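In what follows, a single structure is set out as structure tokens and then discussed.
The values are calculated or read from the model by the stated rules, or taken from the named source; none is laboratory data. No experiment lies behind these values; they were computed from the predicted model shown. Here Cβ is always computed from backbone atoms with ideal geometry, including for glycine, and neighbour counts include all displayed protein chains.
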Protein chains: 4
Amino acid sequence: MSGSLMGKVFSVMNWGESHGSAVGAVVDGCPAGLSLSVADIQPALDRRRPGQSHLVTQRKELDRVQILSGTVGGVTTGTPISLLIPNEDQRSKDYSNLESLYRPSHADFTYQQKYGIRDVAGGGRSSARVTAGWVAAGAIAQKILHLNGIQITAWVEQVGDIRLSIEKDSVTLAMVESSATRCPDTQVALLMEQKILQTRKQGESIGGIVRCYIKHLPVGLGQPIYDKLEAELAKAMLSINASKGFEIGSGFEGVKMTGSAHNDIFIHNNGRIETQTNYSGGIQGGISNGMPLDFAVAFKPTATILKPQKTLDLNGQEQTLQVHGRHDPCVVPRAVPIVEAMTALVICDQFLQNKLSKL
Amino acid sequence: MSGSLMGKVFSVMNWGESHGSAVGAVVDGCPAGLSLSVADIQPALDRRRPGQSHLVTQRKELDRVQILSGTVGGVTTGTPISLLIPNEDQRSKDYSNLESLYRPSHADFTYQQKYGIRDVAGGGRSSARVTAGWVAAGAIAQKILHLNGIQITAWVEQVGDIRLSIEKDSVTLAMVESSATRCPDTQVALLMEQKILQTRKQGESIGGIVRCYIKHLPVGLGQPIYDKLEAELAKAMLSINASKGFEIGSGFEGVKMTGSAHNDIFIHNNGRIETQTNYSGGIQGGISNGMPLDFAVAFKPTATILKPQKTLDLNGQEQTLQVHGRHDPCVVPRAVPIVEAMTALVICDQFLQNKLSKL
Amino acid sequence: MSGSLMGKVFSVMNWGESHGSAVGAVVDGCPAGLSLSVADIQPALDRRRPGQSHLVTQRKELDRVQILSGTVGGVTTGTPISLLIPNEDQRSKDYSNLESLYRPSHADFTYQQKYGIRDVAGGGRSSARVTAGWVAAGAIAQKILHLNGIQITAWVEQVGDIRLSIEKDSVTLAMVESSATRCPDTQVALLMEQKILQTRKQGESIGGIVRCYIKHLPVGLGQPIYDKLEAELAKAMLSINASKGFEIGSGFEGVKMTGSAHNDIFIHNNGRIETQTNYSGGIQGGISNGMPLDFAVAFKPTATILKPQKTLDLNGQEQTLQVHGRHDPCVVPRAVPIVEAMTALVICDQFLQNKLSKL
Amino acid sequence: MSGSLMGKVFSVMNWGESHGSAVGAVVDGCPAGLSLSVADIQPALDRRRPGQSHLVTQRKELDRVQILSGTVGGVTTGTPISLLIPNEDQRSKDYSNLESLYRPSHADFTYQQKYGIRDVAGGGRSSARVTAGWVAAGAIAQKILHLNGIQITAWVEQVGDIRLSIEKDSVTLAMVESSATRCPDTQVALLMEQKILQTRKQGESIGGIVRCYIKHLPVGLGQPIYDKLEAELAKAMLSINASKGFEIGSGFEGVKMTGSAHNDIFIHNNGRIETQTNYSGGIQGGISNGMPLDFAVAFKPTATILKPQKTLDLNGQEQTLQVHGRHDPCVVPRAVPIVEAMTALVICDQFLQNKLSKL
């Protein structure tokens, strides 16, 4: 079954494994006439790739994207855009010890059972490395959205129990990028960084929450049923590695509110219809209402830890798993550009779909 | 664009509006040879329809399903199954006062802006009435899952700030159906009921959380990327009216845990490989691992309240909205069978897809 | 698997069997704002339904279409349009004698083998009756195309060895409808009629060819690869019952031509770029070039004949099949509106898709 | 819009242009456990690539395929298989003279109008070079079909007015490959070769017909409506460059037959149910009946000829087009492996789909 395709109008086929020769994506449905070069995509990959700060994995990958098709003279032609990112850190390590082990809370067991075979090296297809294809494709979507004034910003809102409280409208990309944690508040960022470093020192890992916020989204994106805008976003977010939850607007906390407090009253604002509050998170009835789109994604603590763990091998024998080397003790700093990319892919697809709503 | 189709192998096209002549769904991809009659579907619709208890809307709808195609002699033939549910409470009321008003936190504004036209009566396509088509289709999916021993149970876990704590494995359909709230614990159910009645008396509404739990799910359902099992479930849940969040396994709370506490250690249990804990919620790497599937869905307080509210009309003039009659002050009791149906549709689709994983 | 869905943007899910309670279709993706009532659809069904002339089946079906959803006040709302056509001539006959027989060149054997069960009455899903859903949906597509000046005309070009030669640009709907054969030339129509009547007298059937011609099609419809315009049309035509071939422009005869004779030279015509000849049939590289779209569909002789035939029963015993009653000795007169409807569905889908080609 | 994706279960996303850095395809949905290496794919590409005989284009392309993902240790893992074929003869020529010209019966005009831009070099996306991705993917499909005993053979049946008559069951791959024309009869092959060489000498081109024949196809492949087996094949064939027609079984000639002559009578043959004749071409009601699948595809004379032709430039000025160098005067010899590949892709997709027909 085709489970690797994302989007109906702006479609992306993602392919690749952690330690194969390359990862990539094919974008089918990008309109012709978009100025596009490697320089539009590489910065997004640079934000995603490992080894950028002392907080994250030190795997050496330059993640240099190649555009193999779909443009001529730096302009899209309306034909599929094939994006390829060579794996440089390829099959260099010996993974034979992992072949016979099921790592806890990894995909080893489920892949082995489903397919009868799995690519052990680096987790194969279940590695977060495969998000590189999405990030590359997302950069193209971002470019289309930027041309239409739509601005997506994601940041780290929580690490463990350290939670940021901030005026969302005020957050900028520069604030996000000013710390290795990608938390836009300097003070809280420092606390988060300490938490992550301390976690690593203990051979442990910790979870976190990424907030995503979209400004200047037009009214009308999303289909009423079944392809609601929040439903498409929820699917995209839950397809990111290690994510465990999605909430939009008031989310899980909102269940305690009363209707009169929760309802977003319509008001005028400089000739535009807006709502006084935004508990809806920018969507009503599956369709964007012109208010900022506001959602959060929960990420579990990284499954790979340095502490020894009990597990089973393929023969069902108990074994002790001992991982060496450096791993991300907390995925949320690196998840930020992935959340943005997946969001851009969903929004761009719905943005184009919406052009066909009326006669 | 086609946004009303759900599923790739077991596909459902949902159609209809609140006050049109009927609502319905077409199921394309149900395998041949399934014994199927109205008696398999009607009970699910009876659980969903309004007017069943003193807690919910009293709209009079018998919701009598008709099977218009796809079976012969009470057995499916492999061709599309067309399901139709007449609207009996059709266009009886005068909705002209709503034509010019945008109800807060309803879909009036977004539909009007997206399409330039909307079906005012009963909310048209944005009404929860359209879930009847899904519930009917879901009953067919349920039958296939039952034949394979898979058991889906949903219940009300929270209403406002009243939260149930229960051993999930112990919950049965009978326990869920023993109270109007659909909370399986008698004591907590009583508190929830009081909360809902008190909320209604105040002309208000309140939110809640539905828990869904799947037992005896085989290993291997779900696609690694992009159609992960949890991603498909998240989409389906966020496409239900009034839902604002989805979490699986440890969810949003799990972000505070450390990796060693969160990782689900593999163990033997009567010759089967299981995990000691289930923070993963039954899915690893997008694929079911044979443990119970365990997720929650947050629902906002009902947007329709009896308290007067300020709003704008189509001309941008401020107006006061005053709703009369009886409405559901809390959607979660009625959301339970809808969550089950949507879950069944996702699981059945992935169950069939999984037959093609290996040569 | 979902095999009953046609179209990506303007999508149609077809459902129903010959002798079930109804047949129908759900149109998902029709833009909002289209004026639409039963009066727009019924004439197309009237052209398709049996019993209109002395040449065709006398089955009594009024084919009264109902629009169950998707419009309000006679205007489309952008939500799915559910179309239902009750079967009036329902299960009236005794089909038990056919249950155990495989009729030659019918779908009895293949359905039975594929599904292990089949709906015997009237051929079930394999009956041409199910094209009623497509014709109804096609009428909606036609309305959108008419608003854009696009004009589809199909006619009977050949019955047996009687072949029409005509200036295609001159053919009008009135000419087509002026004879029971739907051949636009009075003289040739008479010969065809005699041929059909004589064939019926002999208890026999005969094949034919339908020509379809589209005027005022804009440049740009179709996707380069894989969804080429001619490829989509070929699929749609080969999915019509009894069709055995499709050719566009020069078709099978064109293989004998040289390149210099076959190439369509570009010329000016009143400020427009056209081609001197139209061997391409209006499509180059999968995309419409603004010239008339010109293709033909071959239909085999009707499988149902009154002459006795040898066949096998379900037990593999030789039997003699003897059909009674009146059947269409030649399908092409009734195929004309079906070819037009399927063409309209393809063209409308591609017309909408094309709005997304450029930024 | 996504128009480059082929297949629902065994899906192929094709990408690339004639003179870009590479062409390729991503196969999503290949079951795990298939032994697969470059050696399984390269021979198919070698049959397709230019420069193999004195009859065809001399472009120097080695067409060395790379498998970038989806296998481990030479076995498929169930994840997407990314296939890449570098373009070696890349942008070497000066195409600036073609930038301003619309070549007759090429896709220059339609691409330019649809997209406002086009890749001039070698025809860009409209080049037959992009079929390399399909041929590579088709080789994987072929391997699955071979494991199931299904055998696809295509050959040249007609060049210009030289037509082959042969017992189809007798044709083997060796016979097809024994001549540069890919006509399995030595005598007729010689006549065809002379015809092609003479055509080239005149600076001309000529069309032809490819026959495709599938043995040992199981009963049950194809969906009744809309994804009929012959409909899927027709679409695939009409999406091949230069094809103008498709017919199955009796095809266009069959329209002259009577029903009693055309109907395929069921008979016993060694315990199997077969039909006495095969005018149906192996499909009844959209579903394979176990008889050989038998269809033909018409190809127009190559649009590129060496004779000077009149045409228009982008400014609408009349120009004379004079092409130099060597080009295929007849595409059918090279179309044979492409027809086989596209057929394999359709059949493999339906073969897998059919596993889900019954409970």
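Tabulated values for the structure
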quantity: Test set (1) touching a Ser or Thr at 6+ places or on another chain (Cβ under 6 Å); (2) assigned to a strand (DSSP E or B) - D:Arg211 fails condition number; calculated: (1)
quantity: Verdict on B:Thr110 being touching a residue at least 24 places away in the same chain (Cβ under 8 Å) and of a type in the set (Val, Ile, Thr); calculated: no
quantity: Residues (at pLDDT 95 or above and surrounded by fewer than 24 Cβ atoms within 10 Å (Cβ to Cβ)) located in the stretch A:17-31; calculated: A:Ala22, A:Pro31
quantity: Residue pairs meeting the criteria (Cβ under 7 Å; at least 6 apart or on separate chains; first more than 7 Å from chain C (Cβ to nearest Cβ), in the stretch D:297-313; second of a type in the set (S, T, N, Q) and crowded, with 21+ Cβ neighbours inside 10 Å); calculated: D:Val297/D:Ser243
quantity: Strands (runs of 3 or more DSSP E) contained in the stretch B:244-359 and holding at least 2 residues in contact with a Gly (Cβ under 6 Å, 6 or more places away or on another chain) and surrounded by 17 or more Cβ atoms within 10 Å (Cβ to Cβ); calculated: B:293-299
quantity: Residues located in the stretch B:73-87, provided they are farther than 16 Å from B:Ser21 by Cα and either at the interface with chain C (Cβ under 9 Å from one of its Cβ atoms) or basic (Lys, Arg) (or both); calculated: B:Gly73, B:Val75, B:Thr76, B:Thr77, B:Gly78, B:Thr79, B:Pro80, B:Ile81
quantity: Criterion (over 30 Å from B:Thr199 (Cβ atoms), within 8 Å of another protein chain (Cβ to nearest Cβ) and free of Cβ contacts under 8 Å to residues at least 12 places away in the same chain) met by exactly one of B:Gly29, B:Gly3, B:Gly70, B:Gly33; calculated: B:Gly3
quantity: Any hit, the stretch C:201-224, residues being more than 12 Å from chain D (Cβ to nearest Cβ), over 16 Å from the mean Cα position of the chain (by Cα), surrounded by fewer than 24 Cβ atoms within 10 Å (Cβ to Cβ) and more than 25 Å from D:Ser239 (Cα to Cα); calculated: yes
quantity: Residue within the stretch C:175-182 that is among the small types (Gly, Ala, Ser), in a strand (DSSP E or B) and touching a residue at least 12 places away in the same chain (Cβ under 8 Å) present; calculated: no
quantity: Tally of residues being over 21 Å from B:Ile248 (Cβ atoms), away from chain A (no Cβ under 14 Å) and among the charged types (D, E, K, R) across the stretch B:178-200; calculated: 2
quantity: Residue in the stretch C:321-357 that is farthest from the other protein chains (Cβ to nearest Cβ), counting only those that are hydrophobic (A, V, I, L, M, F, W, C) and over 30 Å from D:Ser4 (Cβ atoms); calculated: C:Val336
quantity: Scope the stretch B:88-110; condition more than 7 Å from every other protein chain (Cβ to nearest Cβ), modelled with pLDDT of 80 or more and assigned to a loop (DSSP other than H, G, I, E, B); matching residues; calculated: B:Glu88, B:Ser100, B:Arg103
quantity: Matching residues, the stretch D:246-294, being on the phi > 0 side of the Ramachandran plot and either modelled with pLDDT of 95 or more or basic (Lys, Arg) (or both); calculated: D:Gly249, D:Gly251, D:Gly281, D:Gly282, D:Gly285, D:Gly286, D:Gly290
quantity: Test: residue in the stretch D:114-127 that is free of Cβ contacts under 8 Å to residues at least 40 places away in the same chain, of a type outside the set (Phe, Trp, Tyr) and in a helix (DSSP H, G or I); calculated: yes
quantity: Unmet criterion (only one of (1) surrounded by fewer than 24 Cβ atoms within 10 Å (Cβ to Cβ); (2) under 19 Å from the mean Cα position of the chain (by Cα); (3) in contact (Cβ under 8 Å) with a residue 60 or more places away in the chain) for A:Asp46; calculated: (3)
quantity: Number of the condition not met by C:Gly20 [criteria: (1) small (Gly, Ala, Ser); (2) closer than 26 Å to C:Cys348 by Cβ; (3) facing another protein chain (nearest Cβ under 9 Å)]; calculated: (2)
quantity: Scan of the stretch A:153-181 for residues that are touching a Lys or Arg at 6+ places or on another chain (Cβ under 8 Å) and under 11 Å from A:Tyr213 (Cα atoms), ordered by number; calculated: A:Thr153, A:Ala154, A:Trp155, A:Lys168, A:Asp169
quantity: Candidates A:Thr320, A:Thr304, A:Thr343, filtered to the one that is under 15 Å from the mean Cα position of the chain (by Cα) and modelled with pLDDT of 90 or more; calculated: A:Thr343
quantity: Matching residues in the stretch C:249-279 - criterion: being over 22 Å from D:Glu157 (Cα atoms), in contact (Cβ under 8 Å) with a residue 12 or more places away in the chain and either at the interface with chain D (Cβ under 7 Å from one of its Cβ atoms) or in contact with a strand residue (DSSP E or B) (Cβ under 7 Å, 6 or more places away or on another chain) (or both); calculated: C:Asn263, C:Asp264, C:Ile265, C:Ile273, C:Glu274, C:Thr275, C:Gln276, C:Asn278
quantity: All positions within the stretch C:230-243 that are facing chain D (nearest Cβ under 7 Å) and in a loop (DSSP other than H, G, I, E, B); calculated: C:Ser239
